[in-house]
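Heads up, the thing below is written out as structure tokens.
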């Protein structure tokens, strides 16, 4: 058998991969040192057959075509910040990373689009656009590592979904490689296209199980010229809903954030080890962080203040603190965004990301918290969420960790979602960790159609095998 | 053979349909009098095997299951205002109309959702919401007849796509019946749901070829409290683009319309037989109708005026007329919306609905118009469109009508779209009439995947057979 560069495995597949990519782009054996399965396990080297690092769509196509012939499972790696176990691999899986396909191909100011390769990091898009007075509105905690391919395949949400939509709403064009190596390329810069099935929808949010995203065209918006934010204290959940409706009507199209934080969470986010203090007194049951992005700082701020004054007068709110400086804005948003502060207060942390219709949220969180706190091993329950999207995050502390306890907690959180018409995953996806709970969000018939699609587009099941669904 | 109620056909299929629905909901023979294939051919009775009028999702399921067993093609009828020939049937097709499923099931003010059956007419939704201070933003000319099932399956666009998105962006939940009668029901009121494949996307815009929509949940927005509009004259196409960017940044999230009308079209829309006069002098090459929907009439109007004054000062625009009264608003929008005025000026009218990236539009329309006017039988070319969406409508007058001429005109309009990354259909769909041009918008690989989806979900090809694609 030929021995290439001390490779630990010289199977015909690996030899063919090296022929396609060159030996330096097929990492095996000791070359996997320094590669890992998740940012939380960076001390441990990746377990995988090999990692391949293509530089072109054609190379991705050749890799998949080859793997398909060999019935070789291929697992996608992006920014490695996923929360559902999808990037954890075994030594039988080939890992495909598009990190070398990281070119921003074009910013088109007139079309207001950006065309990128799948390995581009979200923050690089934000940086690039600063020179063009344009905004790519997608924004979430992992922006410094999340790659285009990853956030498209997981249909990422984040902080401004209410105004600008999920990733799905921001994708105009997509290039995807199918399991058999077929390249589906539709990199158009148009908003409206009703010519046949909108195939890109299949690949957005399907967690890499139906195809590998290689390039994308995103819709951009003009950079906002004003930004106003406030923390607001509210006394009861119905008032939170009324406030959302009141502000949304008053701020019309400019309301871009309505983040709800329950009292215990607000206190935890603004006390040690947090380095930021609370802009409002403790004691209210609900705290809301709002943001408006508009066209004229002075006029927008006047309207923002006037609306909050009116809300106070109408007793919709208890109190409000308005951000008047850039450092106020940073302070206010750090409170909401720095969820590491919560994790630091947990012995064993577990995170959730559920979605239910807005009027159900108040009772659901109250009852779920009570049931969780009744579990002896659960000592803290933090709740916060993107209220306007009906999306609630729980961050839990448990005194110990095992699978049975995890499942017990999951059941408490997920149990009522079916009846409430909710979802076990608003943002993070199903991956491996939530497979057994998929039937809470989806009917048997829906899951059967998902299987049908998977079998049709990836008959050998090579793409992210075992993620979302098991297909026999 | 048994004879039921003078039916002209008593095949076993029809007998079974009558068993499912009762004889009064299976129209055949002379009972087809007064039914038609399109609003343009209301004098001619429908040619079809029968028309079935189910009242429940379960009945739709039974009908499709039966037809699937008999390999019986089923064609959907909705508001019958489509522009691509999909509702034209032969005597071998069974027509399925959900007109009896026309209940508005629920308006939920807190979730800001409406749940409806597929036979509900768009205007009925608008009417219903007037009592709730909520808006369903979808709005287009055929709103008085268009049904939910029709505008979902065609992913309708219209006048406010730029701000609120196409139908796709407004659908939260969907109930669909598949070709074999399987009911896929996911009528959730949630904005974010990343639990597995987003199956509803398959049925939105696939023109009834993959499933029959029976119910839907739509996202609503708070009713705007201010509306400002203006007609603007602009001197050159680059200025039109600059104006869009300028107004979009200045009006931030409140810009809801940016409709471009070419000079000849503007003159035709404001002279006899039109009953409305022009709010601006003729002579500019471009006229733009803008709209802003905001939260405070007085403040929003001041900002609207200030921005237009600034645009005038910067010489971005030649002139502007602002609507100050409700009757001004009606006048301004009637000019844009009453496209029957254009059709009335055509001998034989033909309409187009293409999409290209915004910076290409100026040259594309100029060159296409010149080439069209070089065809001896073409005597008028009107162009107008939703500029912010990159969507251009042509309305043509031809001195005579035949298929060869139609194809010749099509080729002129569609020829350059492939190179320009455009689409032969921004809104109207492919249906039967545009099938031969689908390959201009889509690659061979894309069309092959569409075929694969059709074969997987509807193996006997019973649903809207021959629409969009032919499948062997």
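The values are calculated or read from the model by the stated rules, or taken from the named source; none is laboratory data. What you are looking at is a predicted structure, and each value in this text was computed from that prediction instead of being measured. Using ideal geometry, Cβ is built from the backbone for each residue, glycine included, and neighbour counts are taken over all protein chains shown.
Remarks
- Qualifying residue in the stretch B:406-417 (condition: in a helix (DSSP H, G or I), within 13 Å of chain A (Cβ to nearest Cβ) and either in contact with a strand residue (DSSP E or B) (Cβ under 7 Å, 6 or more places away or on another chain) or over 25 Å from residue B:380 (Cβ atoms) (or both)): yes
- Taking the stretch A:285-363 as the region of interest, the helices (runs of 4 or more DSSP H) fully inside it that hold 2 or more residues being surrounded by fewer than 18 Cβ atoms within 10 Å (Cβ to Cβ) and within 13 Å of chain B (Cβ to nearest Cβ) are A:297-313.
- Within the stretch A:32-57, tally of residues that are over 18 Å from residue A:82 (Cα atoms) and free of Cβ contacts under 8 Å to residues at least 40 places away in the same chain: 3
- Candidates A:214, A:209, filtered to the one that is in contact with a helix residue (DSSP H, G or I) (Cβ under 9 Å, 6 or more places away or on another chain) and not in a loop (DSSP other than H, G, I, E, B): A:214
- Selection count, the stretch B:29-52, where residues are in contact with a strand residue (DSSP E or B) (Cβ under 8 Å, 6 or more places away or on another chain), surrounded by fewer than 21 Cβ atoms within 10 Å (Cβ to Cβ) and in a loop (DSSP other than H, G, I, E, B): 1
- Of the candidates B:142, B:146, B:156, the single residue that is within 18 Å of residue B:428 (Cβ to Cβ) and in contact with a strand residue (DSSP E or B) (Cβ under 8 Å, 6 or more places away or on another chain) is B:146.
- The residue of the stretch A:434-464 that is nearest to the other protein chains (Cβ to nearest Cβ), among those that are part of a loop (DSSP other than H, G, I, E, B) and surrounded by 20 or more Cβ atoms within 10 Å (Cβ to Cβ), is A:442.
- Residues being within 9 Å of chain A (Cβ to nearest Cβ) and buried (at least 24 other Cβ atoms within 10 Å of the Cβ) - total across the stretch B:156-173: 4
- Scanning the stretch A:73-83 for residues that are assigned to a loop (DSSP other than H, G, I, E, B), more than 11 Å from residue A:179 (Cβ to Cβ) and in contact with a helix residue (DSSP H, G or I) (Cβ under 9 Å, 6 or more places away or on another chain) returns A:78, A:79, A:80, A:81, A:82.
- For the stretch B:200-207, the criterion of being at positive phi, surrounded by 24 or more Cβ atoms within 10 Å (Cβ to Cβ), more than 9 Å from every other protein chain (Cβ to nearest Cβ) and under 15 Å from the mean Cα position of the chain (by Cα) is met by no residue.
- Extreme residue, surrounded by the fewest Cβ atoms within 10 Å (Cβ to Cβ), among residues of the stretch B:383-404 that are within 23 Å of residue B:262 (Cβ to Cβ) and more than 14 Å from every other protein chain (Cβ to nearest Cβ): B:399
- Any chance residue A:145 is touching a residue at least 12 places away in the same chain (Cβ under 8 Å), surrounded by fewer than 20 Cβ atoms within 10 Å (Cβ to Cβ), more than 9 Å from every other protein chain (Cβ to nearest Cβ) and closer than 24 Å to residue A:40 by Cα: yes
- Among residues of the stretch B:86-114, those that are touching a helix residue (DSSP H, G or I) at 6+ places or on another chain (Cβ under 7 Å) and part of a loop (DSSP other than H, G, I, E, B), counted: 4
- Residue match in the stretch B:230-247 (condition: under 30 Å from residue B:106 (Cα atoms) and more than 9 Å from every other protein chain (Cβ to nearest Cβ)): no
- Which numbered condition residue B:220 misses (of (1) over 20 Å from residue A:163 (Cβ atoms); (2) more than 8 Å from every other protein chain (Cβ to nearest Cβ); (3) crowded, with 19+ Cβ neighbours inside 10 Å): (1)
- Looking across B:150, B:250, B:257, B:181, one residue alone is touching a residue at least 40 places away in the same chain (Cβ under 8 Å), assigned to a loop (DSSP other than H, G, I, E, B) and either over 21 Å from residue B:463 (Cβ atoms) or more than 7 Å from chain A (Cβ to nearest Cβ) (or both). It is B:181.
- Selection from the stretch A:225-247 of residues that are in a helix (DSSP H, G or I) and farther than 20 Å from residue A:313 by Cβ: A:237
- Among the residues examined, residue A:195 does not qualify as closer than 26 Å to residue B:439 by Cα, at the interface with chain B (Cβ under 7 Å from one of its Cβ atoms), part of a strand (DSSP E or B) and in contact with a strand residue (DSSP E or B) (Cβ under 7 Å, 6 or more places away or on another chain).
- Residue under evaluation residue B:367, criteria (1) in contact with a strand residue (DSSP E or B) (Cβ under 6 Å, 6 or more places away or on another chain); (2) not in a strand (DSSP E or B), criterion not met: (1)
Table: residues versus (1) in the same structural domain as residue A:206 (by TED's automatic domain parsing); (2) farther than 23 Å from residue B:187 by Cα; (3) within 23 Å of the chain's Cα centre (by Cα).
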| position | (1), (2), (3) |
| --- | --- |
| A:378 | no, yes, no |
| A:385 | no, no, yes |
| A:392 | no, no, yes |
| A:408 | no, yes, no |
| A:417 | no, no, yes |
| A:426 | no, no, yes |
| A:451 | no, no, no |
| A:461 | no, yes, no |
| A:471 | no, yes, no |
